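Enquirer: First the structure, then my questions, so here it is.
The values are calculated or read from the model by the stated rules, or taken from the named source; none is laboratory data. All values derive from a computational prediction rather than experimental measurement. Cβ atoms come from the backbone with ideal geometry, glycine included; neighbour counts cover every protein chain shown. Just the protein is used for accessible areas: all its heavy atoms, side chains included, with ligands, DNA and RNA removed. Shrake-Rupley method; radii C 1.70, N 1.55, O 1.52, S 1.80 Å.
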Amino acid sequence: MGLKEKIKGNEGLKRFVHWLLVPSGQARPRLWVRWFVNPFYHKKGKGATIRRRTRMDVLPWNNFELGANSTIEDFSTINNGVGPVKIGRNTRIGLGNTLIGPVTIKDDVRLAQNVVLSGLNHNYEDISQPIHAQGVSTAPIVIGEESWIGANVTIVAGVTVGKHCIIAGGSVVTKDVPPYSVAVGNPAKVLKQFNHHTGEWERVQKKPSVVA
């Protein structure tokens with residue numbers, strides 16, 4: 001049994017190690033973790049940039065990867081506490097974004113300002129406890145290659161956005177978006193898709209209403 005398995009299998013030891021890494025009740029790792037652990041544990045590609053005012057709540061028990069020539073802009077928050085955060089090559093994470101894993105963003109993606117991608121949901125079913133005390137459930141978010149996510153978009157846990165998609169500003173994405181689509185609204189709906197036969201972007205036809 002490896003060290004990681006021993007820690008996970010012993011609840012008291014697990015709590016102690018967690019306290020060593022993160023102050024009680026906080027998400028941000030201790031300074032020694034940020035200085036002496038994360039730079040050696042997480043992957044940062046050649047030419048990748050994390051701006052100085054980015055908040056990096058990343059810990060060694062889940063992966064964080066930033067691909068070559070990618071940038072995370074100021075005032076963003078990256079959190080891998082409950083799931084990995086993986087960002088591909090030539091991708092830009094815009095000002096004030098929040099990424100909470102599990103999140104995978106592939107190559108050549110652009111996220112505009114104040115985008116929220118959260119791969120977690122808070123459990124709430126037990127009414128005898130506060131919601132914050134009931135833990136979380138997770139489901140991965142995936143953003144496909146070459147996609148553009150507009151300002152103030154929220155993408156919820158479990159959603160996949162396909163390749164070369166546009167998500168219009170202010171949209172709330174609660175369901176998967178197929179590749180080569182334009183989605184708009186709250187909840188977001190697909191308005192256009194690229195037709196590979198005609199070579200044009202075409203409006204999605206609404207299904208006719210069924211009259212009883």
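Enquirer: Give the residue that is nearest to GLY144 (Cα to Cα), with candidates limited to residues of region 56-81 that are polar (S, T, N, Q) and not in a loop (DSSP other than H, G, I, E, B).
Expert: My answer is THR71.
Enquirer: Taking into account only those residues within region 39-72 that are within 18 Å of ALA27 (Cβ to Cβ) and open to solvent by less than 30 Å² (accessible area, probe 1.4 Å), which is nearest to the chain's Cα centre (by Cα)? Don't jump to the end; show me each part of the working.
Expert: First, pick out the residues of region 39-72 that are within 18 Å of ALA27 (Cβ to Cβ): 41-42, 50, 53-64, 72.
Cutting the leftovers down to open to solvent by less than 30 Å² (accessible area, probe 1.4 Å) gives us 42, 54, 57-60, 64, 72.
Values: HIS42: 16, THR54: 15, ASP57: 13, VAL58: 13, LEU59: 15, PRO60: 17, PHE64: 11, ILE72: 13 Å.
The selected residue is PHE64.
Enquirer: Check LYS206, LYS192 and return the single one that is open to solvent by 70 Å² or more (accessible area, probe 1.4 Å), outside any loop (DSSP other than H, G, I, E, B) and over 27 Å from GLY83 (Cβ atoms). Give the derivation first.
Expert: Details: LYS206 fails: outside any loop (DSSP other than H, G, I, E, B).
Residue meeting the stated conditions: LYS192.
Enquirer: Quick test for you: out of GLY169, GLY162, pick the one residue that is open to solvent by 40 Å² or more (accessible area, probe 1.4 Å) and over 23 Å from ASN80 (Cβ atoms). Before the answer, list the steps.
Expert: On the way: GLY162 fails: open to solvent by 40 Å² or more (accessible area, probe 1.4 Å).
Checking each option against the conditions leaves just GLY169.
Enquirer: Still on this structure: Of all residues in region 62-104, which are within 18 Å of ALA157 (Cα to Cα) and among the small types (Gly, Ala, Ser)?
Expert: Across region 62-104, the qualifying residues are GLY81, GLY83, GLY101.
Enquirer: Given the conditions (1) at pLDDT 80 or above; (2) of a type in the set (Val, Ile, Thr); (3) within 21 Å of GLY135 (Cβ to Cβ), which single one is not true for ILE7?
Expert: Going through (1) at pLDDT 80 or above; (2) of a type in the set (Val, Ile, Thr); (3) within 21 Å of GLY135 (Cβ to Cβ) one by one, ILE7 breaks only (1).
Yes/no per residue for (1) modelled with pLDDT of 95 or more; (2) over 25 Å from GLY135 (Cβ atoms):
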site: VAL33; (1), (2): no, no
site: PRO60; (1), (2): no, no
site: GLY67; (1), (2): yes, yes
site: SER70; (1), (2): yes, yes
site: THR77; (1), (2): yes, no
site: VAL85; (1), (2): yes, no
site: GLY88; (1), (2): yes, yes
